[in-house]
Every structure is written in structure tokens, then in C-alpha cells.
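Remarks on the structure that follows.
The values are calculated or read from the model by the stated rules, or taken from the named source; none is laboratory data. Owing to the predicted nature of the structure, the values given are computational and were not obtained by experimental measurement. Using ideal geometry, Cβ is built from the backbone for each residue, glycine included, and neighbour counts are taken over all protein chains shown.
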Amino acid sequence: MKKSIVYAVLLLSISLSVSACGNKGAAPPPANQGGGTTTGGGATTGGGAATADAQAIFKQNCVSCHGNNLEGGVGPNLQKAGSKYSKDQIATLVNNGKGAMPSFKGKLSDTEIGAIADWLAAKK
């Protein structure tokens, strides 16, 4: 009996944590204001504004599960995501979700997903 209560509480905690991963009502991140080279999708590479935008997108949408320093928590540690996944694989994970991670397709633009994927792919 005690085990079923513990499991129910654990399941409820996980459900609440996962529901916090999405960001339905936040303001969009600031537009790029220079500082890198523009790619075909409108994202920039080379740091500067693209890094700032990706970090802002991450803070608005991902930090509740992956932590302020990418250290993980409810979601996995992302500090070395680029050594495990390519930019395209990261973009696919963000678009489609995986396991407890929700899909961000329709919540984030392709440009925002590309910026996050570029930024995380550089984490090696």
C-alpha cells in the first residue's frame, strides 16, 4: 500500500515538472541584432546575438527541466550535448520531443529551434 502511494506521488511530481517545461504564454525572445553570420533560416552563427537569442529561448522554454547551467534536473544534462548529438539531431529532438520531453513544434519557430540546435551542438 505504501509503495503505491509513493509511486502515485512520484508520478504526480514528474507530471507537474514536465508540464512546466513548455512555455505557452511568454513573450517571444528579442530579435537578432547583429553579431554573427546569417544562415539560410535567419539564425546567426559565430556567437554574438545568436548565442544571446539561443540563451534567451533556452531560459524561457527549457531551464525548468534542464537547469540554468544545462546541468539537468527533470531533463538530462545538456552541458556536452554537442558531443552526443549533431545539430540536426538536436533540432529533431526539440521539434518532436522524446520520452517525457514535450514537442516544441508550433511553440517555437524553425529559426528559434535552429538557434537552440546550433547553440547546444557547440557544447562539447
- Heads up, the helices (runs of 4 or more DSSP H) in the stretch 14-92 (entirely inside) with at least 3 residues that are modelled with pLDDT of 70 or more and either more than 15 Å from Leu108 (Cβ to Cβ) or over 17 Å from the mean Cα position of the chain (by Cα) (or both) are 81-84
- Task: May I ask you to list the residues in the stretch 96-124 that are surrounded by 14 or more Cβ atoms within 10 Å (Cβ to Cβ), among the charged types (D, E, K, R) and in a loop (DSSP other than H, G, I, E, B)?
- Result: Lys107, Lys123
